[in-house]
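The next block holds one structure in the form of structure tokens; read it before the comments.
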Amino acid sequence: MLEASFFKEGISKLGQLLKRELPQAGDRFERGLSADVVKPTYFKDVVKLANGRPPIKMSEYANLEFRPVKSPLPLTGGHNPIQAMKDQHDRFWIFKAIEQKNAHYRAVGDKVGSDLANAVGLPSPVVHYASEKIDGVVQFGTVQPLIKHSGKPLPLSPQHWTEKQRDQLTASHVFRWLIGDHDGKAANFLVMKDGNLVPIDFGNMFRNVGHDVLDRKYQPNPIKPLYNRMWDSYVKGAVDINFHAGLFQVSKIEAMSDQEFLKLLEPYADARYARVGFVPKGVETKEKFMQMALERKQNIRRDISTFYDSLAKERGLSGLREALGTGNPWASRKLVG
């Protein structure tokens, strides 16, 4: 099994790669999160989406102008319309529209998910709110840098993944559970030329809030998540999983203060509860939603450890402690419960 330090090295190299390919996005990755809104010719203010919350502009993005172009790489992620764009500096971007009428909160979720991912050490392309013309119609959505990935999808069989890819998927699963995103399909991961995986598309976050469960058989969307495939293969003994990678990601989430977590999450809650039709059943108020989300963060170690323990037992081990083994840097830490 790979040690947590090796996983950290992979994350570090990925961050360096993002910075090299996209200097501005890389700088922002180092700072932890983004808070800007792109405003070229057809872009509209997002102020109406989140309870009068005004957008914050950063100078390097204030004057970008985009034009539709043919994408130099395959475009992946989601079922909404996607269009490659190019700014006046010849940099490529991806515009993704929100097709569902009045479901602006999905775009806010995509951005908030990206901000949270970067804040807890999972490099993901920085997302901005945007409105752009597609086929002559102005549509609201998001825009993000086009990352120079390999253009190849990740194979569906976990047995064809590298150990590092399984580590990165294990870590990203912890994060997607934190934000209630069960849309971990292959299209939502970019495969870089060196094999590293970049998670994208968080518009599905908290879609099933109040009803989702942490279980390898849980599948609320039509396409089976890669995570479920990985856990199925693990319990059958077809692949090994380094649970240290997931627990390391747990520690990164725990390092974020509750106040910072709620601050980053609030724009999504504002947008989600702005329209009655999108208020989740059983979670009728923004305050109740924020409390449930906070409790998920606060209980992340307990929930993930219990989940790993159940997987290890399904595989025929005594539990998580046996799966982790001894003589590792995590042995002295409280990993269960």
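Please work out if residue 155 is closer than 15 Å to residue 112 by Cβ and part of a loop (DSSP other than H, G, I, E, B). No; evaluated as a whole, the condition is false for this residue. When you go through (1) in contact with a Phe, Trp or Tyr (Cβ under 7 Å, 6 or more places away or on another chain); (2) buried (at least 18 other Cβ atoms within 10 Å of the Cβ); (3) farther than 21 Å from residue 105 by Cα one by one for residue 271, which number turns out not to apply? Going through the list (1) in contact with a Phe, Trp or Tyr (Cβ under 7 Å, 6 or more places away or on another chain); (2) buried (at least 18 other Cβ atoms within 10 Å of the Cβ); (3) farther than 21 Å from residue 105 by Cα, residue 271 breaks only (3). Across the range 157-173, which residue is farthest from the chain's Cα centre (by Cα) among those that are open to solvent by 30 Å² or more (accessible area, probe 1.4 Å) and in contact (Cβ under 8 Å) with a residue 24 or more places away in the chain? Only one residue fits best here, namely 159.
Could you please give the count of residues in the range 276-291 that are touching a residue at least 60 places away in the same chain (Cβ under 8 Å) and within 17 Å of residue 256 (Cα to Cα)?
0
Residues in the range 306-328 that are at positive phi and at pLDDT 95 or above were compared, and the one that is least open to solvent (accessible area, probe 1.4 Å) is 319.
Output the helices (runs of 4 or more DSSP H) that fall wholly within the range 179-274 and possess 3 or more residues being hydrophobic (A, V, I, L, M, F, W, C) and under 28 Å from residue 323 (Cα atoms), or say none.
226-235, 243-255
Taken over the range 275-305, the criterion of being among the β-branched types (Val, Ile, Thr), surrounded by 15 or more Cβ atoms within 10 Å (Cβ to Cβ) and not in a loop (DSSP other than H, G, I, E, B) is satisfied by 300, 304.
Look at residue 86 and say whether it is surrounded by 14 or more Cβ atoms within 10 Å (Cβ to Cβ) and within 26 Å of residue 224 (Cα to Cα). Answer is no for this residue. Residues that are of a type in the set (Val, Ile, Thr), more than 19 Å from the chain's Cα centre (by Cα), open to solvent by 10 Å² or more (accessible area, probe 1.4 Å) and at pLDDT 95 or above: does the range 224-235 have at least one? Yes, the range 224-235 contains a residue that is of a type in the set (Val, Ile, Thr), more than 19 Å from the chain's Cα centre (by Cα), open to solvent by 10 Å² or more (accessible area, probe 1.4 Å) and at pLDDT 95 or above.
The requirement of being within 25 Å of residue 71 (Cα to Cα) and modelled with pLDDT under 95 is satisfied by residue 126.
With respect to the conditions (1) open to solvent by 10 Å² or more (accessible area, probe 1.4 Å); (2) at pLDDT 95 or above; (3) within 18 Å of the chain's Cα centre (by Cα); (4) acidic (Asp, Glu), residue 181 falls short on a single one, namely (1). Which numbered condition trips up residue 271, out of (1) modelled with pLDDT under 95; (2) of a type in the set (A, V, I, L, M); (3) more than 29 Å from residue 115 (Cα to Cα)? Of everything listed in (1) modelled with pLDDT under 95; (2) of a type in the set (A, V, I, L, M); (3) more than 29 Å from residue 115 (Cα to Cα), residue 271 misses just condition (3). Given the criteria of a type in the set (Lys, Arg), modelled with pLDDT of 95 or more and either open to solvent by less than 40 Å² (accessible area, probe 1.4 Å) or under 24 Å from residue 100 (Cβ atoms) (or both), does residue 176 qualify? Judged against the criteria, residue 176 is a match.
Any residue at all in the range 160-167 that's out of contact with any Leu (no Cβ under 9 Å at 6 or more places or on another chain) and at pLDDT below 95?
No: zero hits.
Evaluated against (1) surrounded by 24 or more Cβ atoms within 10 Å (Cβ to Cβ); (2) in contact with a strand residue (DSSP E or B) (Cβ under 9 Å, 6 or more places away or on another chain), residue 151 falls short on exactly one condition, (1). Can you tell me which residue in the range 241-257 is least open to solvent (accessible area, probe 1.4 Å), limited to those that are farther than 17 Å from residue 302 by Cβ and of a type in the set (Gly, Ala, Ser)? For the range 241-257, the residue satisfying everything is 245.
The values are calculated or read from the model by the stated rules, or taken from the named source; none is laboratory data. All figures in this text were calculated on a predicted structure; none of them were measured in a lab. Don't worry about glycine lacking a Cβ; one is built from the backbone with ideal geometry, like all the others, and counts go over all protein chains shown. Please note that ligands, DNA and RNA were not included when accessible areas were found on the heavy atoms of the full protein model with its side chains. Shrake-Rupley method; radii C 1.70, N 1.55, O 1.52, S 1.80 Å.
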